[in-house]
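Novice: Attaching a single structure in structure tokens format; questions to follow.
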Amino acid sequence: MSRGVSSWIIATGQAWKLYGAVAGFTASLGLLTAACFSLASSGRFFMALAACGLFLGCATFVWFAAVLRCPSCRAKLVWTMASSRPHSSWIIDLAALDRCPACNRELDRISRPQP
Ligand SMILES: [Zn+2]
């Protein structure tokens, strides 16, 4: 296997979305960690921090699912994969895709999204 795991995502210029999702999930995790720490000290901000963390996590996933699309048919690939594969492996299958599950075109052949 010489291909990178997320090759088609990078080849179609969508790598920044992946980094954006990672940043969003990291921030969400940070808020939840802060919520746990606040519970240990006073607990006053626990609900606010936990709610923000959970909201940010959900919002990041929804955004990521909405923006990561097939460059030719605009299918929402995160939705497609998350709903059709087992929960443990869909993200690996998503990154390793070489063809779009909706239109069956080769994903990394297309260098730029169609307008
Ligand atoms: Zn497609």
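The values are calculated or read from the model by the stated rules, or taken from the named source; none is laboratory data. Since the structure is predicted, the reported quantities are computational estimates derived from the model, not experimental observations. Neighbour counts are summed over all protein chains in view; Cβ atoms, including those assigned to glycine, are modelled from backbone coordinates with ideal geometry.
Conditions (1) among the aromatic types (Phe, Trp, Tyr); (2) under 17 Å from residue 104 (Cα atoms), marked per residue:
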| position | (1), (2) |
| --- | --- |
| 50 | no, no |
| 53 | no, no |
| 61 | yes, no |
| 64 | yes, no |
| 70 | no, yes |
| 73 | no, yes |
| 81 | no, yes |
| 89 | no, no |
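Novice: Now a separate question. Restricting to the range 33-81, count the residues that are more than 15 Å from the chain's Cα centre (by Cα), in a helix (DSSP H, G or I) and buried (at least 16 other Cβ atoms within 10 Å of the Cβ).
Specialist: Residues meeting the conditions: 8.
Novice: Still on this structure, please answer the following. What residue, among those in the range 86-115 that are farther than 18 Å from residue 18 by Cβ and modelled with pLDDT under 85, is surrounded by the fewest Cβ atoms within 10 Å (Cβ to Cβ)?
Specialist: Step by step, filter the range 86-115, then rank; the result is 115.
Novice: Among the listed residues 59, 65, 15, 11, which satisfies the condition of being in contact with a Phe, Trp or Tyr (Cβ under 8 Å, 6 or more places away or on another chain) and closer than 29 Å to residue 102 by Cβ?
Specialist: Exactly one of 59, 65, 15, 11 is in contact with a Phe, Trp or Tyr (Cβ under 8 Å, 6 or more places away or on another chain) and closer than 29 Å to residue 102 by Cβ, namely 65.
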